[in-house]
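Have a look at the structure below before the remarks.
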Amino acid sequence: MLFRSCGLMLATGAADAAVSGRVLDAHGKGVPGAVVFVQAPSAEAPATSRAASMDQVDKTFVPGLLPVAVGTRVRFPNHDQIHHHVYSFSRTKSFELPLYKGTDAPPVLFDKPGVVKVACNIHDWMSAIILVLPTTHFAVTDANGSFTLTGLPTGSYELAVWHERSRLKVEATSQRVTVAAQAPAVTFTLPLTAARARPAVHGARKDL
């Protein structure tokens, strides 16, 4: 199981606070594109109110990494002037949107946590990841590996971090953090595998 459930203690009626920090690799350099999140369920908006979008522009999924909370419906608009065929065979969520262009494809409901690898059956180099999380409290690190989680009621949380190239399971990254008016900075160290070369954008089937 990618995300385990753990206790989450909240102070009733307490004002919202924030926690900031960085995600570093084994050499102390900032890791961009890591997702830091509260690894526990919490009181949030009804699942039916959550929506997100992963666009298709210049034969590329935008964004290439989309973190969402469980219960989010994701749309896949196609703003290219050609057809795309979006699909995933991932265990977390398997779906298929046959050949289409425009914005009429139905949204896909992501109803359990985990990693969903998305691809296009027409353009082999097109790939993306939807990371389905057990909470709406998450943040993606910037180019320097920095993040800020906002809107957290003061209390004790267990935070975790995910990255596509992490050598560690999510459970091994978790840290207990007390969030208050002046929360301490949090640092995660995440050893990474070597980056894979992206497939060249050529040799695909004829555009439709």
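The values are calculated or read from the model by the stated rules, or taken from the named source; none is laboratory data. If you're wondering where the values come from, they're calculated on a predicted model, not measured in any experiment. Here Cβ is always computed from backbone atoms with ideal geometry, including for glycine, and neighbour counts include all displayed protein chains. SASA here: full protein model, heavy atoms, side chains in, ligands and nucleic acids out. Shrake-Rupley method; radii C 1.70, N 1.55, O 1.52, S 1.80 Å.
Worth a mention:
- In range of the label at residue 89: residues from region 124-140 whose backbone nitrogen is under 16 Å from the point 7 Å along Cα→Cβ: 124-128
- Surface analysis of region 138-200 yields an accessible area of 56 Å² per residue, using protein heavy atoms and a 1.4 Å probe.
- For region 53-208, the share of accessible area belonging to carbon and sulfur comes to 52 percent (1.4 Å probe, ligands and nucleic acids excluded).
- Mean Cβ neighbour count within 10 Å, used as a protection proxy, ranking 77-87, 100-110 highest first: 77-87, 100-110
- Coupling constants for region 112-125 follow from the phi torsions by the Karplus curve (6.51 cos²θ - 1.76 cosθ + 1.60, θ = phi - 60°), and in residue order they are 8, x, x, 9, 10, 8, 10, 8, 10, 6, 9, 10, 5, 7 Hz; glycine and proline get x.
- Here residue 59 is the anchor, and the lysines within straight C-alpha reach of less than 18 Å, apart from those fewer than 8 places off in the same chain, are 101, 117, 206.
- Bridge orientation summary for region 28-135: considering DSSP beta bridges with both residues in this region, about 70 percent are antiparallel.
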